Amino acid sequence: MVSKKVKWVAPVALASIVGLTACGGGSASDSEAAAETESGPIDFTLFGADTNTNWVNMQDEVGKVITEKTGVTLDAEFAIGGDTQKVSLMIASGEYPDLIMPKGDTSKLVDAGALVDLTDLIDQYAPNIKKLYSEDMNRLKYSKEDPSIYIIPTYTGVGQTSFDAGGGFELQLEVLKELGYPEIRTLEDYENAIKEYYAKNPTINGQPTIPMSLNADDWNIMIGVTNPAFMATGLPDNGEYYINPETYEAMLHYKRPEEKEYFRWLNKMNSEGLLDKETFTQKSDQYLAKISSGRVLGTINQEWGYSEAENALKGSSDATTQNRIFGHFPVTLSEEYKDHSFIDVGFPGGYGVGLTTNLNEAEQIRAIKFLDWLASDEGQVLVQWGVEGKHYNVENGKRVIPQEVQDRKTKDSAAFTKETGIGMYTTMSPHYGDGVKDTTDNYYTTNFPEQIQAAYTQPEKDALKEYGAKTWKDLFPQADELGTSDWGAAYNLPAPNDSSYSVAFQKSQDIVRKRIPEAILATPAQFDAVYDGMLKELEDPSILEMEKTFTQQIKDTVDLFNGK
């Protein structure tokens, strides 16, 4: 591992050479510290709780420019698979990286005293971050009791407006085409389309057709199996909870009677041979291999969970194979429910990047200035668009992605990301979201209507035209139909810092991840007994207390967001 110490040049002399001055005034020692932190190569260690298979130690094109502009290189380690033990091991050893992206383990690090309060650092040394979060600073605070800022939220952009749907219930475009582009609105519509096509096409390319396959490997079970239960019954995403919008009371969403009916539908799909029999035994790579074979008619997932496999289909020279990618639909149990994917949650705060106590004071200043540069217009355009003249051009004042670059980005995204680094630094960068424009009247990100439509393959454009839509989002209920969330997105909140809460939450997860597959795979006659047995287990006193604890956190979060 490269030492993270600055390769020093005499600070005062260097300051005079490059015209550096201390931020915000101060003593001579402050000036020297400022000079030291603004100059010279430095290596920071970083740990990210998400897997990042595209990381090449900043040797991608964007990473090299970041280092050139800031002097910073990141010696990074990312979690492998669903590993959630790394942060706990750090706490046990007392050894931390310089920067950390802990996702749901923020509370553990706060309790261990491992994170730096960034409030004063941001105020003194980070004008771009201050500008970025100017209207949302209350949402950066850790809690009502502890208003420190330990994490700069980076997983969601400020001012985010989603212009496309990346989730919902997915159906192959070839299925839609052969059936004459039927309405896909309810579970019955979705099921009937799969059944009808499957009956006519029992094999695809000489292999058995798979009517519907889900990814239930480890944590993926939440995305592909359990989260769709609240999606299909009209709830926004609040993680494992249903939150009463009037009282803020939280309970595990599985307890809602309508969700039981969703899982009954999955049980029916399984009993009729329409659900992949390997759904609960296959690994993610097996699921992805099936997607890339083109023989999976339907799945329920987020696009980021299968896009790499789908790119193999997009890159085919065969027209029918290109048509075996998925469209997105807002499917619900019945028409009385609305998909809430696009509810307005405001800026949700939550997951992001923090600094640890492994850094001394001068290094903390250097690190916050590094993050502040990433939050600058120059930094944001670089991480989102890439290098001008190589990844985009400016034509008549507008940033434009050349078609050959867009084609690579669409059809070979993993290799493109590894080579260019475009989009890879956003989760460690404070940034604006989709739909926000800079001072040149250009969008900060490449996800805006015209660019999204330009990135669609021809089969997608053809299918959307048949549905009278320009993007998949057009098929979904829009934000103005869905109200707002007072607490943002609950899945983004740090878990309550309470060991009894953590134990009870894990107990609830163990129950759900065992019993939901059992209920789905049971005979229809056994379904009620299995599901009701699960509900009884979830009435455990410790789990009921867990729900009360989270209820209080939601109430406190609403107060915090409102400055109370």
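Couple of notes before you dig in:
- Among Val345, Val503, sorting on how many other beta-carbon atoms sit within 10 Å of each Cβ, with the fewest leading, yields Val503, Val345.
- In the stretch 148-186, GluC sites (Glu not before Pro) in a DSSP loop with at most 16 other beta-carbon atoms within 10 Å: Glu183
- Nearest-20 debye value, the stretch 243-302 charge dipole, Cβ charges on Lys, Arg, Asp, Glu: 260
- Segment Glu183..Glu378, full-extension length gain: 65.7 nm, with 0.36 nm per residue of separation and the alpha-carbon distance subtracted.
- Considering only Gly104, Ser292, Phe527, the residue lying farthest towards the positive end of the dipole of the chain is Ser292, judged by Cα position with unit charges set on Cβ.
- Given charges at beta-carbon only (K, R positive; D, E negative), |dipole| of the stretch 163-309 in Debye: 480
- Counting charges near Asn442 (Lys, Arg +1; Asp, Glu -1) among other residues having Cβ under 12 Å from its Cβ returns a value of -3.
- Note on the chain: dipole from Cβ charges, positive end direction compared against Thr356, Trp55, Asn562; the farthest Cα belongs to Trp55.
- Shape call, the stretch 36-107: gyration tensor on alpha carbons, a/c limit 1.5: oblate
- Within the stretch 251-278, backbone nitrogen closer than 15 Å to the virtual label 7 Å beyond the Cα of Lys507 toward Cβ: 252
- Fewest-first ranking of Ser341, Ser317, Ser502, using other Cβ atoms within 10 Å as the exposure measure: Ser317, Ser502, Ser341
- Per-residue Cβ neighbour rank within 10 angstrom, fewest leading, Tyr150, Tyr456, Tyr133: Tyr456, Tyr133, Tyr150
- Calculated from the structure at hand, P(r) over Cα pairs in 20 Å bins from 0, in percent is found among (i) 16, 27, 24, 17, 10, 5, 0; (ii) 19, 53, 25, 3, 0; (iii) 18, 46, 29, 6, 0 as (ii).
- Helix-only mean residue ellipticity at 222 nm for the chain, each DSSP H run of n ≥ 4 adding -39500 (n - 2.57), per residue, nearest 500: -12000 deg cm²/dmol
- Net charge of neighbours whose Cβ lies under 12 Å from the Cβ of Leu121, counting Lys and Arg as +1 and Asp and Glu as -1: -3
- Checking the Cα-Cα distances for Lys314/Lys409; Lys86/Lys507; Lys141/Lys564; Lys277/Lys473; Lys314/Lys338 against a 22 Å cut-off, the pairs over it are Lys277/Lys473; Lys314/Lys338.
- Charge tally in the Cβ shell below 10 Å around Leu482, where Lys, Arg are +1 and Asp, Glu are -1, Leu482 excluded: -3
- The stretch between Lys130 and Ala469 holds 118.2 nm of extra length on full extension. This uses 0.36 nm per residue minus the Cα-Cα distance.
- When you filter the GluC sites (Glu not before Pro) in the stretch 246-293 for DSSP loop state and at most 11 other Cβ atoms inside 10 Å of their Cβ, you are left with Glu246.
- Of the GluC sites (Glu not before Pro) found in the stretch 328-392, those that fall in a DSSP loop while having at most 15 other beta-carbon atoms within 10 Å are Glu335, Glu336.
- Shape call, the stretch 298-358: gyration tensor on alpha carbons, a/c limit 1.5: oblate
- Taken about its Cα centre, the stretch 110-170 carries a charge dipole of about 180 debye when Lys and Arg each add +1 at the Cβ and Asp and Glu each add -1 at the Cβ.
- In terms of its C-alpha gyration tensor, the stretch 122-254 has a prolate overall shape, because the principal axis ratio a/c (a ≥ b ≥ c, square roots of the eigenvalues) is not below 1.5 and a/b outweighs b/c.
- Packing here is the average count of other Cβ atoms within 10 Å per residue, and on that basis the peptides 112-121, 518-527, highest first, run 112-121, 518-527.
- Cα-based helix-to-principal-axis angle, 187-200 vs the chain, degrees rounded to 10: 70
- Selected from Asn138, Ala126, Gly166, residue furthest toward positive end of dipole (the stretch 103-175; charges at beta carbon): Ala126
- Bridges between two residues of the chain, per DSSP, are antiparallel at a rate of about 55%.
Rule-based calculations on the coordinates, nothing more; no lab input. As the structure is a computational prediction, the values presented were derived from the model and not from experiment. Note that each Cβ is placed from the backbone with ideal geometry, even for glycine, and that neighbours are counted across all protein chains shown.
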